[in-house]
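The values are calculated or read from the model by the stated rules, or taken from the named source; none is laboratory data. The shown structure was predicted, so the numbers you read here are calculated from the model rather than taken from an experiment. Please note: Cβ atoms are built from the backbone with ideal geometry, for glycine as well, and neighbour counts cover all protein chains shown. We work out accessible area using only protein heavy atoms, side chains counted, and drop any ligands, DNA or RNA first. Shrake-Rupley method; radii C 1.70, N 1.55, O 1.52, S 1.80 Å.
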Amino acid sequence: MLLYRTNIKRNLKTFLILNGLTFFSSAIGLEVKVGAVLSMTGTLGSYGQDAKKGMELALAEMGNSEPKIKLIIEDSLSTPAEAAKAINKLVTSDKIAVAIGDVTSSNTIAAASIAEKSKIPIISPAATNDSVTFQKKYVFRACFIDSFQGTVMATFATSTLKAKTAIVMEDSDSDYSKGLSKSFVENFTKNGGKVTKILRYSQKDTSYSAQLTEVRKIKPDILFIPGFHQQVGVILRESKDLQISAKILGGDGWDTPELRQIAKGAENGSYISNHYIATGDNKKLQAFVKAYKAKFKEEPSSFAALAYDSIYMVRNAIKNKNSAEPEKITEGLAAIQKFEGVTGMISMDKNHNPTKPAVVLEFIPNGYKYISTVNP
């Protein structure tokens, strides 16, 4: 009888290992394959690199504690098509139980559609477009959504800056930019402001002087640019060269050191909505910032912080359900309430979007000036 039981245990152990799990003799110890789709190279590479660092720090902190996470990273090359290929490999070849990524909306939408069909839960650290999780069972995020972010910046423009008119410069290649633009326009108008023009550009553009010449001519109070750092940095620099007087506002896509390198100081005096500020006085946040700086010799961007939170949220879901089954992890993610992340207290709503605050920050030399925190 003892031999029979031993054989059962050995066979069960073999079965679990083949399915991405590890069975330990005391209780249940899990080793879970977690896939990550990140823009490691290409135009959005700095976001993915930051996210990777955030996850690396989290994994280092977890050490050998259970459940153990085996992270497998695939590069989306900063494009939706490659993001789809990456998640497909992770699901079909690597047999992951859950995925993290991508960091931008268009890439996440492409990857999430495959994860949804495959019934594999996926959580994006930073994809803010409202449609990412809409009517999806297996898709989650760790960040606020653009309808909230757009409201925050429209209200800041009208209430704090007392703006009456605005022009929006929208990236026609980006779901993120279009969604954030839509929310800002709706709320700025609702608040009594007037959006005099929506100017569009492509990520392939290298100069924006035609659009900015029109901005200078119209002289709006606000120029809102919901874009990514590669283009925004150039737009800011050219705006300064053209002596545009409008207050310039943006979103969380600006939060990368590369924007400062491109803008060359022209970013100072601009305002953004963001997920957190590294100088916040929360003890958990400060422990994260201290550890991140010690490991990577730089201050963590919001993409690093959100990825750090994402992997802990996945671990929390696995631990609470004591399972590495995708369905159980999905249930665990959906049930998250009052999870203390470094980017704020996270509670998942019925649409798999976290209820959490945003901060408004002003660019100053070598850092940010905290303006306000806005709760949903």
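Summarise the accessible area of the chain (1.4 Å probe, protein heavy atoms) by the percent that is carbon and sulfur.
Its accessible area is 52 percent carbon and sulfur atoms.
Pull up the DSSP beta bridges for the chain and report the antiparallel fraction as a percent, rounded to 5.
The antiparallel proportion sits near 35 percent.
Quick one: Cα convex hull volume of the stretch 34-126, Å³ per residue?
Spelled out: Cα convex hull of the stretch 34-126, divided by residues, is 77 Å³.
Extending each Cα 7 Å along its Cβ direction at residue 207 and residue 299, get the distance between those two points in nm, one decimal.
The two pseudo-label positions are separated by 3.4 nm.
Residues of the stretch 115-161: accessible area per residue at 1.4 Å, in Å²?
That works out to 31 Å² for each residue.
What's the Kirkwood radius of the stretch 158-296 in Å, using all Cα pairs?
15.9 Å
Please turn the phi angles of the stretch 196-209 into ³J(HN,Hα) values with the Karplus equation 6.51 cos²θ - 1.76 cosθ + 1.60 (θ = phi - 60°), one per residue in order, whole Hz, x for glycine and proline.
Listing the rounded values in order: 7, 6, 10, 9, 10, 9, 10, 5, 7, 5, 10, 9, 10, 5 Hz.
Quick one: order 92, 343 from most to least accessible surface, probe 1.4 Å.
Sorted by accessible area, descending: 92, 343.
Mean residue ellipticity at 222 nm from the helices of the chain, using -39,500 (n - 2.57) per DSSP H segment of n ≥ 4 over the full residue count, to the nearest 500 deg cm²/dmol?
Calculated at 222 nm, the ellipticity per residue is -13500 deg cm²/dmol.
For the chain, state what percent of all Cα-Cα pairs lands in each successive 20 Å bin, counting from 0 Å until the bin that includes the largest distance.
Distribution as computed: 30, 54, 14, 2, 0 percent.
Just to be sure I follow the rule: in the stretch 289-345, considering lysines 8 or more places apart or on different chains, how many pairs have Cα atoms under 20 Å apart?
4
Would you mind calculating the gained length between residue 191 and residue 137 on full extension (0.36 nm times residue separation, minus the Cα-Cα distance), in nm to one decimal?
Contour length minus the Cα-Cα distance gives 16.0 nm.
What FRET efficiency comes out for the pair residue 41/residue 162, r = Cβ-Cβ distance, R0 = 51 Å, nearest 0.05?
According to the calculation, E is roughly 0.75.
Can you tell me the accessible area per residue over the stretch 239-372, all protein chains present, probe 1.4 angstrom, in square angstrom?
43 Å²
Compute the longest continuous run of the chain that contains no exposed chymotrypsin sites (Phe, Trp or Tyr not before Pro); treat a site as exposed when its DSSP state is not H, G, I, E or B and it has at most 14 other Cβ atoms within 10 Å.
In short, 135-376.
Let me check the size of the stretch 225-288 from its C-alpha atoms; what are the radius of gyration and Dmax in Å?
13.3, 43
Angle check, please: helix 146-155 long axis (alpha carbons) against the longest principal axis of the chain (alpha carbons), in degrees 0 to 90, nearest 10.
Tilt relative to the chain: about 30 degrees.
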